[in-house]
Each structure stands twice: as structure tokens, then as C-alpha cells.
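The values are calculated or read from the model by the stated rules, or taken from the named source; none is laboratory data. Because the structure is predicted, anything quoted here is derived from the model rather than measured. We place every Cβ from the backbone using ideal geometry, glycine too, and count neighbours over all the protein chains shown.
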Amino acid sequence: MDKDRAGIQSVEVGFALLQALVEARGPLALKDLAHAAAMPAAKAHRYLVSYQRSGLVKQDPATSRYDLGPMALQLGLAALRRSDAVRLAREHMPDWLERLGHTVALAVWGNHGATIVHWEEPPHGTTGHLRLGDVMPLLSSATGRCFGAWLPAARTGPALERELAQARLAGRNDLPQTAADAHLLFAQVRSQGIASVVDTLLPSVVALCAPVFDARGQLVLGITSLGTQATFDPAPDGAMAQHLQAIAAQLSHELGYSPAEPSLPR
């Protein structure tokens, strides 16, 4: 084996025990843990003794069951502290542009709403006049609808009230007119798993926005892709939506999100 690629096989074998504890719903007995790691109980016990000494694993003296220890918690917290959704997303941008073939933008929730913090476009792409720092409306943009759907209502409430008043004043019958209408729209977005708009913000521009969640199941980022009606499929169940959802799901996974965790802290 190439020297740079050589490793310690016993470390890799023992990792199966830690992986089994990560995936378990609670502490495991030795036989169950060994079975999950596909190794004899005697062999598993030797690894567990060392893991207990290092703090990666702990054993309940009353039940003799094993669980992740304090050092495992410290490792997880350190990894989360060093995870940054925007930084990770920017690293993936070249691949996303190649896969999607359309402009990709990243947004976070700022002091004034859903704010564009980065965007890139492929050759012959269109930004739809995007600018860094642009605040996207909750009701008429895919980005805003994504945040409206998955952020707590207390955070989006002031922006929503302002936009509803503006929509009524402008006679925008294509947009929700009441808070109840808006929440029905947001519920539809959640059921689809992605936000979509067609010609509601900019003429002839359509867009999709998929949510990215962190380890706590909270929305931390919206990934938006947009294009013209002639070249971009904005259908929530279309191929473009599926690609964008897969991208967002992978980034959420890298941030520690598990689909079993709640993703709507309303």
C-alpha cells in the first residue's frame, strides 16, 4: 500500500463500535453492540475497554450497557463549532454549478430578512440582477418563501406583516393578502420540501430554493437556483427541484442534521 494511504487497521475496525453507538437510539448491551459492529463480543470488549479509558465510551455500572462518552461529546461539539454552512456551501459551488447549469445563490436570515450572501453563475447564466446583501421578499421570492416556511413565525412576523400591507396596497392579487393565506402558502412549501416561484419577483425569472438544516434541525441556509422561463424548470417535483433538494440534503448531512430530528421549530 502507498505510504501516504497506509493506516492502522485496528483503528478502522474499532470505529465500527463507535458508529454503532452513534446510530443506536440509546445505550447497548455488549452482545447487541458487538452484533451491530459485526465482531465477536470478546473482541468488542477489548476495544471498549480502551475507548472507556479515553472517554469515547462510557458504561453504566447499573445496567452494564455502553454509550458514547464525554470525549465523544467534546469531539462532536468541536466539529459543530468549526462547521460553517456558508463556507461549506461555497466549497461545493463549482460542483453545484456543473450539476445544475444555472445560477446558484446562498442566503441566510439577517436583520432585515432573507439576505443573499454569495452567488455564482455558470457561463451564459443569469443572476436576475442579484447583488450581495439583497434582502429577498418573503412572499414573492423562492428564497423568502423558504425562510418563511421553515423559520419560527416569531422571527418572520414583522417582515410578513410589512409585506402583506405592501401587497394589498399594490393590488398584488397573485400574492397572499392575509397572514392566514401566507401561512397556508408556507405550509404548502413545507409539504413540497422546496420553494418555487414563477415570474413573481422579476419578469421572466423563475427560481427554486431548498432549505439547509443544522444539527439541531434548524434552518441555517437557503440554496437558490434561478433562470429564465425558457430554460429553467421551476416545478417543485421536477428534475431541477430534485437535484437542488439532493444538494441541500447533502449539505445538511455535513452540518450534522439527521432527518429524524425536527426541522420546524415553530
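Within segment 175-204, the set of residues being touching a Gly at 6+ places or on another chain (Cβ under 6 Å) and part of a helix (DSSP H, G or I) comprises just one member, 186.
Inspection of segment 218-229 finds no residue satisfying the criterion of being over 23 Å from residue 123 (Cα atoms), aliphatic (A, V, I, L, M) and in a loop (DSSP other than H, G, I, E, B).
Taking every residue in segment 17-37 that is part of a helix (DSSP H, G or I) and pairing it with any residue that is surrounded by 15 or more Cβ atoms within 10 Å (Cβ to Cβ) and β-branched (Val, Ile, Thr), at least 6 positions away or on another chain, yields no pair with a Cβ-Cβ distance below 6 Å.
Hey, any hits in segment 39-50 for a residue that's outside any helix (DSSP H, G or I) and not assigned by TED's automatic domain parsing to the domain that holds residue 216? Yes.
Here residue 131 meets the list (1) surrounded by fewer than 17 Cβ atoms within 10 Å (Cβ to Cβ); (2) more than 30 Å from residue 182 (Cβ to Cβ); (3) in the same structural domain as residue 167 (by TED's automatic domain parsing); (4) at pLDDT below 90 almost entirely, failing just condition (2). Only one entry of 162, 168, 172 meets the criterion of being in the same structural domain as residue 244 (by TED's automatic domain parsing), assigned to a loop (DSSP other than H, G, I, E, B) and either charged (D, E, K, R) or at positive phi (or both), and that entry is 172. In this entry, residue 207 is excluded by the filter for residues that are in the same structural domain as residue 109 (by TED's automatic domain parsing) and part of a loop (DSSP other than H, G, I, E, B). Report whether or not residue 67 is among the acidic types (Asp, Glu) and in contact (Cβ under 8 Å) with a residue 40 or more places away in the chain. Taking the combined requirement at face value, the residue satisfies it. Scan segment 138-186 for residues that are buried (at least 22 other Cβ atoms within 10 Å of the Cβ), of a type outside the set (Gly, Ala, Ser) and under 19 Å from residue 205 (Cβ atoms) and the total you get is 7.
Residues checked against (1) in contact with a Ser or Thr (Cβ under 8 Å, 6 or more places away or on another chain); (2) under 17 Å from residue 146 (Cβ atoms):
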residue: 175; (1), (2): yes, yes
residue: 198; (1), (2): no, yes
residue: 203; (1), (2): no, no
residue: 209; (1), (2): yes, yes
residue: 213; (1), (2): yes, yes
residue: 233; (1), (2): no, no
residue: 241; (1), (2): yes, yes
residue: 248; (1), (2): no, yes
